[in-house]
Amino acid sequence: MEVIIAKDYDGMSRIAAHLIAREIRKKPDLVLGLATGGTPVGTYQELVRLHREEGLDFSKVITFNLDEYIGLSPLNKNSYNYFMKDNLFRNVNINPANTHVPQGNTEDPEEFCSWYEERIRKAGGMDLQLLGIGGDGHIAFNEPGSSFGTRTRVKALIKQTIEDNARYFDKIDDVPRFAITMGVGTILESKKILLIANGKKKADVCAQFIEGPVTSQITATALQLHCHSSVVLDEEAASKLTRKEYYNWVRDNKHLVQKTIGR
Ligand code: PGA
């Protein structure tokens, strides 16, 4: 797992956006997995800036979002459909027909989940998946105990997630108890994975998922099993890592491998 430590939230957001932009420039019809929450807001702002000021072209990009609350219509301001339109889709030249966010108010969630998996398969699978991490170590809404083989399905949220996300709702009782979420298995099939995290509140869980043992109790540890995963953290989120010096050395000296092999 590549670990990149940025100075602060803005630095983390810039690095993440530039890594995504590099993939879009290499493959204009990139299949891009997207995340919601507080963490990726700055990354989306930088992608919008790259679109407006540097012509980053989203016209052929296909996106699939990780998750959505059950029961919220796409017009609800707390839905992830709304979040994506507001933070990214309406601000870049993406074709709305190429964007996919699970539908929280679907009448048949189980059937919807199978359809979503099928759409991802038909698109050729994700090239790059952006992730945040929950305070309980979840990726998407794969709460502790989710098998690493899981696919898109309905998941009950745990108390910590409901409390963490209550800040967006009028009262805690308004936070939905269920969500549609891609599974850990769905995420692991992405060709590349990029996880971002910031702030002191994430320091313990980041140390656990990067340097601790692989366990379904912290579903982000599944990234240790992936051959192309990168993590971009700010200094606060990285503060409990024990191998910080090593990660920084690798980040600053990767180019030396060329010299060492004489090219
Ligand atoms: P946050 O959520 O970005 O709002 O901290 C992350 C997550 O729950 O995956």
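Among the candidates 158, 162, single out the residue that is among the aliphatic types (A, V, I, L, M), open to solvent by 40 Å² or more (accessible area, probe 1.4 Å) and within 12 Å of the ligand (Cβ to nearest atom).
Numbers: 162 fails: open to solvent by 40 Å² or more (accessible area, probe 1.4 Å).
Within the list 158, 162, the selection yields 158.
Can residue 21 be described as away from the ligand (no atom under 16 Å from the Cβ), open to solvent by less than 10 Å² (accessible area, probe 1.4 Å), part of a helix (DSSP H, G or I) and aliphatic (A, V, I, L, M)? Spell out how you get there, then give the answer.
On the way: away from the ligand (no atom under 16 Å from the Cβ): yes; open to solvent by less than 10 Å² (accessible area, probe 1.4 Å): yes; part of a helix (DSSP H, G or I): yes; aliphatic (A, V, I, L, M): yes.
Yes; evaluated as a whole, the condition is true for this residue.
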>> Let me confirm something: among 143, 107, 118, which residue is acidic (Asp, Glu) and within 16 Å of the ligand (Cβ to nearest atom)?
In response: 143
>> Could you check the range 14-37 and list, in sequence order, the residues that are small (Gly, Ala, Ser) and in contact (Cβ under 8 Å) with a residue 40 or more places away in the chain?
In response: 16, 33, 35, 37
>> So residue 93 ticks every box in (1) free of Cβ contacts under 8 Å to residues at least 60 places away in the same chain; (2) of a type outside the set (Lys, Arg); (3) within 16 Å of the ligand (Cβ to nearest atom); (4) not in a helix (DSSP H, G or I) but one. Which box is left unticked?
In response: (3)
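One residue is enough: does the range 232-243 have a residue meeting the conditions assigned to a loop (DSSP other than H, G, I, E, B), among the basic types (Lys, Arg) and more than 19 Å from residue 12 (Cβ to Cβ)? Don't jump to the end; show me each part of the working.
Looking only at the range 232-243, we keep the residues that are assigned to a loop (DSSP other than H, G, I, E, B), and these are 235-243.
Filter once more, keeping what is among the basic types (Lys, Arg): 240, 243.
Filter once more, so that each one left must be more than 19 Å from residue 12 (Cβ to Cβ): none.
No, the range 232-243 contains no residue that is assigned to a loop (DSSP other than H, G, I, E, B), among the basic types (Lys, Arg) and more than 19 Å from residue 12 (Cβ to Cβ).
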>> Of all residues being open to solvent by 80 Å² or more (accessible area, probe 1.4 Å) and without any contact (Cβ under 8 Å) to a residue 24 or more places away in the chain in the range 165-175, which is farthest from residue 71 (Cα to Cα)? Just the residue, please.
In response: 167
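Quick one: would you say residue 82 is in a helix (DSSP H, G or I), within 16 Å of the ligand (Cβ to nearest atom), among the hydroxyl-bearing types (Ser, Thr, Tyr) and under 29 Å from residue 48 (Cβ atoms)? Before the answer, list the steps.
Numbers: in a helix (DSSP H, G or I): yes; within 16 Å of the ligand (Cβ to nearest atom): yes; among the hydroxyl-bearing types (Ser, Thr, Tyr): yes; under 29 Å from residue 48 (Cβ atoms): yes.
So residue 82 fits the description; yes.
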> Taking the condition loosely packed, with under 15 Cβ neighbours inside 10 Å, away from the ligand (no atom under 16 Å from the Cβ) and not in a helix (DSSP H, G or I), does residue 73 pass?
Replying inline: yes
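Every residue, every condition in (1) open to solvent by 60 Å² or more (accessible area, probe 1.4 Å); (2) without any contact (Cβ under 8 Å) to a residue 40 or more places away in the chain; (3) out of contact with any Gly (no Cβ under 7 Å at 6 or more places or on another chain), yes or no:
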residue	(1), (2), (3)
56	no, yes, yes
69	no, no, no
79	no, yes, no
98	no, yes, yes
102	no, no, yes
110	yes, no, yes
125	no, no, yes
> Checking residue 175 against (1) more than 17 Å from the chain's Cα centre (by Cα); (2) more than 13 Å from the ligand (Cβ to nearest atom), which single condition isn't satisfied?
Replying inline: (2)
>> List the residue pairs whose Cβ atoms are under 6 Å apart, where the first residue sits in the range 213-238 and is farther than 13 Å from residue 149 by Cα, the second is part of a strand (DSSP E or B) and acidic (Asp, Glu), and the two are 6 or more positions apart or on different chains.
In response: 230/2
> How many residues are open to solvent by 40 Å² or more (accessible area, probe 1.4 Å), within 16 Å of the ligand (Cβ to nearest atom) and in a helix (DSSP H, G or I) when one looks only at the range 189-219?
Replying inline: 4
>> Being more than 16 Å from the ligand (Cβ to nearest atom) and within 15 Å of the chain's Cα centre (by Cα) is the filter here; which residues of the range 24-46 pass it?
In response: 31, 32
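The values are calculated or read from the model by the stated rules, or taken from the named source; none is laboratory data. No experiment lies behind these values; they were computed from the predicted model shown. Virtual Cβ from ideal backbone geometry, glycine too; neighbours counted across all protein chains shown. For the accessible areas, the whole protein counts, side chains as well, though only heavy atoms, and no ligand, DNA or RNA atoms are used. Shrake-Rupley method; radii C 1.70, N 1.55, O 1.52, S 1.80 Å.
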